[in-house]
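Q: Below is one structure. I have some questions about it.
Values in this text are rule-based calculations from the coordinates and carry no lab data. Just so you know, these numbers come straight off a predicted model, no measurement behind them. FYI the Cβ positions are ideal-geometry reconstructions off the backbone, even for glycines, and counts take in every protein chain you see.
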Amino acid sequence: MVSVVKEECRPATLAKVSSTRKHLGDTLKQRGVADHLSNKIQLCFSEAAANLIEHTEPHPTFIAVSLECVDGAWMLHIEDDGEYWDPTLADRVQSLDTFEEKEGGRGLALIHSLTDGLEYVKRTTFGANRLTLKWKIQQVATKPSVLVVEDDDSQRRLISAYLSEHFKVSEAANGQEALQFLMNNHVDLVISDIRMPSMDGLDLKRALHKQTNTLLTPFIFLTYADSQEVRDNAMGLGIDDYILKPVTKSALVQSARRVLHRSEQIYRQLTDKVNHRITHSLTPSLPTESRNWQIAIATRNTGIGGGDLVLHRNTDDFLMINMVDVMGHDVAAKFFSYAYGGYLRGLMYHVDDTSDPCGTLLSRLSDCAMDDNLLSQVILTCCSVALYDNATLSMATAGHPPPIKVSVLGAELMDVGGIMPGVLYGADYQTLTSRLSSGERIALYTDGLFEAADSTESRQVLEKAVMRELENTRSLPVGEAVQHVMQVFDNYGDWHRDDATIVLLEYAEPVLD
């Protein structure tokens, strides 16, 4: 057992919870924990702790947190001295009785969906309630894998012995045996003799060229033959190195490391290019006017991870806008953003004939997020809005911050919300329909707009400043107003922490001739 975090929130406040969550994230990053797992642990902690503070009576005076690695799993223990609340009971998960769906849909069902196990122990007279959340650690080999292909038994054993200290080594006695092995196993590098019976090294390399999964596998040739013809044939196949026997341990290990390092550099360059292209293709954009609606958008992009998507489609009856926030801070999250973007575009073409396009789209998106093996790997929120010709709009949200209505009375959050996609199968999303009066506007946004600060106090200052600017710029065209709001965000927030997007919508009565 390895204990990595022990901290106590006393008094039990949201500010203390926020600070502890940051400590958890920093510690997990130092330990090399993958971003997707770290995000789950942090999110589950903050949801459970926020529930204790906001929805239990009596409130706890403290929340103690400990994180440890036990028997191949991360264990997060949350102790408190407040009201008994057992999140493992089936009826509580079904009813979501201690978590309001309209608070973003992040509650008991979410905690269940993001963990591999839960345990709860009720406090004794002088003890504390104890909730334990568990995540299994996937075991990953730390050494690069190498396949040694050599028909001479003594040579094969010697080469394997040279490499075994630094690499995970597998062996094959000829090219045919190596080809069969590579069809069922991944390796980072192949080191092969050239002259072998059955299938020699040159034929093996040609065969690997025909397979998609081995086309780019790094390859080193070992041989006693140093003829120009053999060397030209080998180089013509795109190998990474050519070593003459007998080879020393230091020369072999050095060559293997150099080839693998070069392969990693090429992979990183390709990944960066793909990431740049995906980021460019996902840059939020909207028409400035449609169906008498004036539309403006402003965004800040960290350049890494999932990010914000804003997609639209104009139908015969309405303009649909979908704002999505894909969580995560790695290249995989960026890929999932791209995948979700394609899936959402498809969903948007199949809601024309429904009476509730926004709620229907979110329900289908949620089922996909739960059922699809690929798309279920990421956490996201979504806000769906349909704009009609008569100043009417309908909206539904899934785990997403509620839109803001800006009017002469000020800026206020709208009463709409729903559970995060992928938490419950067959989730139902309630749609809010509203008709705007002259001078009123709606602001859609991702949570990065208000959470781009390093403390609870700073976030409150940022939120108040943004809300105040929305009120102060109500008389300006939406295109100017949205830039003013984003300038306030730049002054008070830190956009490097998370992507932030805001969309302003205002209906302009058509001018009659």
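Q: When ranked by the protection proxy of mean other Cβ atoms within 10 Å per residue, highest first, what sequence do the peptides 402-415, 12-25, 190-203 form? Could the numbers behind the result be given before it?
A: Values: 402-415: 15.9, 12-25: 17.7, 190-203: 20.1.
Ranking the peptides 402-415, 12-25, 190-203 by packing returns 190-203, 12-25, 402-415.
Q: Could you tell me how many degrees, from 0 to 90 and to the nearest 10, lie between the Cα long axis of helix 331-348 and the main elongation axis, the longest principal axis, of the Cα atoms of the chain?
A: 50 degrees
Q: Based only on the alpha carbon positions, what is the Kirkwood hydrodynamic radius of the chain, in angstrom?
A: Details: mean 1/r = 0.0378 Å⁻¹.
About 26.5 Å for the chain.
Q: Quick check for me: using +1 on Lys/Arg Cβ and -1 on Asp/Glu Cβ, what's the dipole size of the stretch 145-275 about its Cα centre, in debye to the nearest 20?
A: Details: 15 positive and 18 negative charges, 86 e Å.
Once rounded to the nearest 20, the dipole reads 420 debye.
Q: Quickly estimate the mean residue ellipticity at 222 nm for the chain, helices only: each DSSP H run with n ≥ 4 gives -39500 (n - 2.57), and the total goes over all residues, rounded to 500.
A: On the way: 14 runs with 192 residues, N = 513.
Estimated from H runs of four or more residues: -12000 deg cm²/dmol.
Q: Order of 56-62, 43-49, 427-433 by packing, highest average Cβ count within 10 Å first? Can you show the working numbers first?
A: On the way: 56-62: 13.6, 43-49: 21.4, 427-433: 18.1.
So the peptides 56-62, 43-49, 427-433, ranked by packing, come out 43-49, 427-433, 56-62.
Q: So for H77, H484, fewest C-beta neighbours within 10 Å to most, what's the order? If you can, show how the numbers build up before the last one.
A: Working: H77 18, H484 15.
Going from sparsest to densest Cβ surroundings: H484, H77.
Q: By how many degrees, 0 to 90 and rounded to 10, does the Cα axis of helix 175-184 deviate from the longest principal axis of the chain?
A: Approximately 10 degrees, to the nearest ten.
Q: While we're looking at this one, here's another question. Cα axis of helix 478-492 to longest principal axis of the chain: angle in degrees, 0 to 90, nearest 10?
A: 70 degrees
Q: Restricted to Cα positions, what overall size does the stretch 145-275 have along the principal axes? Three whole-Å values, descending.
A: Here the Cα extents, ordered largest to smallest, are 45, 32, 31 Å.
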